[in-house]
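Novice: My questions will all concern the structure given below.
Just so it is clear, none of the values below were taken in a lab; they were calculated from the coordinates. What you are looking at is a predicted structure, and each value in this text was computed from that prediction instead of being measured. All Cβ positions, glycine included, derive from the backbone under ideal geometry; neighbour counts span all protein chains shown.
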Amino acid sequence: MNKTAVAVAVALTVVLGAVHPAWAQVSDPGGAFEQVVEAQGTTTHASAASVGNLGQGKDLGGNAFGVPMVFSVRIACQAADPGDPDPSACQKAALGCLTNGVQVGIGLLYEIYARPAGSSGAWQYVGSTCFADQVPGASPTLSMGRIIDAFHLTPWATATVLTQPEGNTTLVSLPVYARISWSVQGYQPGEVDTLDPASMFGLTVQIRPKVDHYTYVWGDGTSTGPSRSDGGVWPSGDITHSYPSPGTYQARVDTTFTGDFRINGGPWTHIPDTVTITGPTTTITVHAAKAVLVG
């Protein structure tokens with residue numbers, strides 16, 4: 001049965017409707033299922049408390065089932081018509097579990113299906129929820145937590161500080177202009193990491209890193225940032241630093257990544273987390289200027 005019960009960026013609201021039209025289509029010898037669901041409605045975006053009713057022999061609205069029930073869940077996007085797939089459906093399943101930018105429950109909207117224990121009849125839709133992990137006996141396949149874990153394991157590119165004057169050598173009080181150079185290995189901002197579908201329960205999940213901010217650490221106890229600038233060269237570069245004393249300093253840039261994800265080619269959606277990667281150090285040698293008399 002095809003049914004996508006999703007809402008984009010909405011607050012969790014329990015909606016009790018009339019009897020679902022599909023109840024009349026159930027094929028269940030003995031009519032047990034029809035008796036159980038008679039006059040009971042569906043619940044959209046069921047709260048944790050509503051889902052808790054299922055373990056007490058009640059439906060999402062708190063009405064008692066007449067016979068023991070078993071349950072199944074599936075991510076909301078999987079109900080799309082195979083002949084006319086909706087690439088945005090999975091992203092709606094994620095956005096449907098955001099309230100004011102805060103992740104709700106497991107972070108992805110799931111549909112709940114039920115049938116009497118021991119029945120071989122069709123599974124029937126009873127509602128949707130962001131708390132699929134609390135549906136008795138049902139195991140959600142994918143959660144925002146799993147996507148965030150994969151985001152943390154992304155093989156990141158690292159950012160190295162290059163400076164001007166060239167050669168990473170300068171004079172006391174002379175501004176050093178810094179800019180970023182990315183490593184060849186790893187994923188830079190904007191590049192797409194496609195995760196192994198086997199680790200994502202057969203779904204195609206992609207992660208696209210982007211920079212949240214940089215912190216330039218100069219090696220003399222000072223830093224610049226957070227900044228979103230990649231720096232640049234003289235005279236227009238906006239990341240500069242002057243060393244007050246001669247010496248050798250280990251400068252680096254720490255990159256705090258955020259990112260976007262998408263499922264099955266849907267629109268990109270923000271990942272609600274960050275990862276900070278410490279960059280390799282660049283040795284900067286600072287000399288004292290000496291006055292030279294010219295005769």
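Novice: Report the convex hull volume per residue for segment 236-277, counting only C-alpha atoms, in Å³.
Specialist: 144 Å³
Novice: Please list the non-local residues whose amide H lies under 5 Å from the amide H of Gly279, H modeled 1.01 Å from N, same-chain partners needing a gap of 5 or more.
Specialist: So Gly279 has HN proximity to Val253, Asp254, Thr255.
Novice: Pop out the ³J(HN,Hα) list for segment 95-110 in order, Karplus 6.51 cos²θ - 1.76 cosθ + 1.60 with θ = phi - 60°, rounded to Hz; leave Gly and Pro as x.
Specialist: 5, x, 10, 10, 10, 6, x, 9, 5, 10, x, 7, x, 10, 7, 10
Novice: On to the next question. Binning at 5 angstrom from zero up to the longest distance, how are the C-alpha pair distances of segment 197-295 distributed in percent?
Specialist: Using 5 Å bins, I get a P(r) of 3, 10, 14, 16, 13, 10, 9, 8, 6, 4, 3, 2, 1, 1, 1, 0, 0 for segment 197-295.
Novice: Could you state the principal axis extents of the C-alpha atoms in segment 189-250, from the largest down, to the nearest angstrom?
Specialist: 58, 24, 17
Novice: Also, I was wondering about something else. Using θ = phi - 60° and the Karplus form 6.51 cos²θ - 1.76 cosθ + 1.60, what ³J(HN,Hα) does each residue of segment 198-206 get, whole Hz, x for Gly and Pro?
Specialist: Going residue by residue, I get 5, 8, 10, 6, x, 8, 8, 10, 10 Hz, with x marking Gly and Pro.
Novice: Can you grab the distance from the C-alpha centre of segment 221-250 to the C-alpha centre of segment 169-210, Å, no decimals?
Specialist: Distance between centres, Cα-based: 21 Å.
Novice: Take the Cβ-Cβ distance between Thr169 and Glu191 as r, set R0 to 41 Å, and report the resulting FRET efficiency rounded to the nearest 0.05.
Specialist: For Thr169 and Glu191, the calculated efficiency is 0.80.
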